[in-house]
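Undergrad: Let me begin by handing over the structure; questions about it come next.
The values are calculated or read from the model by the stated rules, or taken from the named source; none is laboratory data. Since the model is a prediction, treat every value here as computed from it, not as a measurement. Heads up, the Cβs are rebuilt from the backbone with ideal geometry, glycines too, and the neighbour counts pull from every protein chain shown.
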Amino acid sequence: MIQPRRVVGGLIGLAVGDALGVPVEFEPRERRDEDPVTGMRHGGFHAQPAGTWSDDTSLTFCTVEALLDNYTVDHLGRLFIEWLQASRWTARGEVFDVGGTTRAAIKRLADGVPATESGSPLECDNGNGSLMRILPVVLAYSRWSIPLMLERIHEVSRVTHAHPRSLFACGLHGLITRNLLFHRAPGAAYRYAMETSRTYYKQGPWREEQRVFRSLLRGTLGEATPDRIHAHGFVVSTLEAAVWSLVTTRNYRDCVLRAVNLGEDTDTVGAVAGGMAGVAYGIDGIPGEWVDQLARRDELMATARQFAACVSA
């Protein structure tokens, strides 16, 4: 049984993690060691008010909207165009942060390239731009068979990021989150997901990617020391940082603060970790004062609850 509080927790948890990270994005870990994030802030590189979320949450909620409205991948692509060109699902009416690979893919969509062909297949374009928005797809299709769930996850990633490495990362995220959704504790959810992945990612293009995901696939990432965890925009680094933050803490607050205080790509690492932790601990596990400070809080909550009702029906 899917509990609505976990679905709402995942979506709102992602937005909170994103908003915690926005004011300190691009700052090194040394700066966070000196001045750790403990709550919502304003300012930073983007000079935004406290509670402002970025493209991570915007594209996540575009995805939610597409899934609520007779999903097709082309409809999803149109919503991404509306976000970039008309500020749909932005925190305060402007797009202030967008990755180069995502921007280029959306430009191709706007030029008429089908959503099945718009994403970059290049190895150099394996940033975290599809990983950051994949959570709603996992939540929507978690009751499907694992192969079909992964197929849909890969399809949605391909809209912007089509290289096997990005698809693999999104799939691993999906397997972990599926376990969290069905009540496994974070450590067990991670370990079982890595065991499951060996069945579905052992042939074809995935075989060549195994070495890149070696640290994750061992199932022992929680034993890593902080100096081995990097929070850059590379999709594998982002996933490792988010999973490490999840499995080395015991509640939502500690997870997202650990993720954000790794420095560098703080909004996306915070969003990915926050989404998984929100699923693990539910909406009631997220500090209320952080939720209350979110931009467009009421709209985010209403949409998350509507989505949860559909997913758990």
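Undergrad: List the helices (runs of 4 or more DSSP H) inside region 179-269, counting only whole elements, that have at least 3 residues being surrounded by 24 or more Cβ atoms within 10 Å (Cβ to Cβ) and either aliphatic (A, V, I, L, M) or in contact (Cβ under 8 Å) with a residue 12 or more places away in the chain (or both).
TA: 186-200, 235-247, 252-260
Undergrad: Further question on the same structure: Select from region 26-52 the residues that are more than 15 Å from residue 264 (Cα to Cα), touching a residue at least 60 places away in the same chain (Cβ under 8 Å) and touching a Pro at 6+ places or on another chain (Cβ under 9 Å) and list them in ascending order. Walk me through it before giving the result.
TA: Pass one, region 26-52, residues more than 15 Å from residue 264 (Cα to Cα): 38-43, 47-52.
In the following step, the residues that additionally are touching a residue at least 60 places away in the same chain (Cβ under 8 Å) were identified as 38-40, 49-52.
Result: 39, 40, 50, 52.
Undergrad: Restricting to region 288-306, name every residue that is of a type in the set (Gly, Ala, Ser) and farther than 16 Å from residue 63 by Cβ.
TA: Here is the first cut: in region 288-306, the ones of a type in the set (Gly, Ala, Ser) are 288, 295, 302, 304.
Within region 288-306, 288, 295, 302 meet the criteria.
Undergrad: Could you say which residue among 269, 260, 256 is out of contact with any Pro (no Cβ under 9 Å at 6 or more places or on another chain) and more than 21 Å from residue 184 (Cα to Cα)? Spell out the reasoning first.
TA: On the way: 260 fails: out of contact with any Pro (no Cβ under 9 Å at 6 or more places or on another chain); 256 fails: more than 21 Å from residue 184 (Cα to Cα).
Only one candidate qualifies: 269.
Undergrad: Can we say residue 295 is assigned to a helix (DSSP H, G or I) and small (Gly, Ala, Ser)?
TA: It is false that residue 295 is assigned to a helix (DSSP H, G or I) and small (Gly, Ala, Ser).
Undergrad: Then there's this: Could you identify the single residue in 69, 111, 55 that is in contact (Cβ under 8 Å) with a residue 40 or more places away in the chain, charged (D, E, K, R) and out of contact with any strand residue (DSSP E or B) (no Cβ under 6 Å at 6 or more places or on another chain)?
TA: Within the list 69, 111, 55, the selection yields 55.
Undergrad: Does residue 302 fit the bill of being of a type in the set (A, V, I, L, M), assigned to a loop (DSSP other than H, G, I, E, B) and either surrounded by fewer than 22 Cβ atoms within 10 Å (Cβ to Cβ) or touching a strand residue (DSSP E or B) at 6+ places or on another chain (Cβ under 6 Å) (or both)?
TA: no
Undergrad: Just give me the residues in region 2-39 being of a type outside the set (Val, Ile, Thr), farther than 23 Å from residue 140 by Cβ and touching a Ser or Thr at 6+ places or on another chain (Cβ under 9 Å), in sequence order.
TA: 19, 20, 21, 23, 25, 26, 27, 32
Undergrad: Same structure again: For region 34-90, name all the residues that are at pLDDT below 95 and among the acidic types (Asp, Glu).
TA: Matches in region 34-90: 69 only.
Undergrad: Then there is this: Quick one: in region 2-42, which of the residues that are among the charged types (D, E, K, R) and assigned to a loop (DSSP other than H, G, I, E, B) is surrounded by the most Cβ atoms within 10 Å (Cβ to Cβ)?
TA: 25
Undergrad: May I ask you to list the residues in region 114-137 that are in a helix (DSSP H, G or I) and crowded, with 24+ Cβ neighbours inside 10 Å?
TA: In the first step, residues of region 114-137 are kept if they are in a helix (DSSP H, G or I); the result is 123-125, 131-133, 135-137.
Result: 131, 132, 133, 135, 136, 137.
Undergrad: May I ask you to say which residue of 52, 60, 90 is of a type outside the set (Phe, Trp, Tyr), buried (at least 18 other Cβ atoms within 10 Å of the Cβ) and part of a helix (DSSP H, G or I)? Don't jump to the end; show me each part of the working.
TA: Values: 52 fails: part of a helix (DSSP H, G or I); 90 fails: part of a helix (DSSP H, G or I).
Unique residue meeting the criteria: 60.
Undergrad: Next up: Go through region 133-162 and give me each residue that's charged (D, E, K, R) and in contact (Cβ under 8 Å) with a residue 12 or more places away in the chain.
TA: The answer is 133, 143, 152, 155, 158.
Undergrad: On to the next question. Can you give me the number of residues within region 138-173 that are more than 23 Å from residue 100 (Cα to Cα), part of a helix (DSSP H, G or I) and touching a Ser or Thr at 6+ places or on another chain (Cβ under 8 Å)?
TA: Filtering region 138-173 for residues more than 23 Å from residue 100 (Cα to Cα) gives 138-152, 172.
If we keep only those that are part of a helix (DSSP H, G or I) as well, we get 138-141, 146-152, 172.
Of the ones still in play, those that are also touching a Ser or Thr at 6+ places or on another chain (Cβ under 8 Å) are 138-139, 146, 149, 172.
The qualifying residues number 5.
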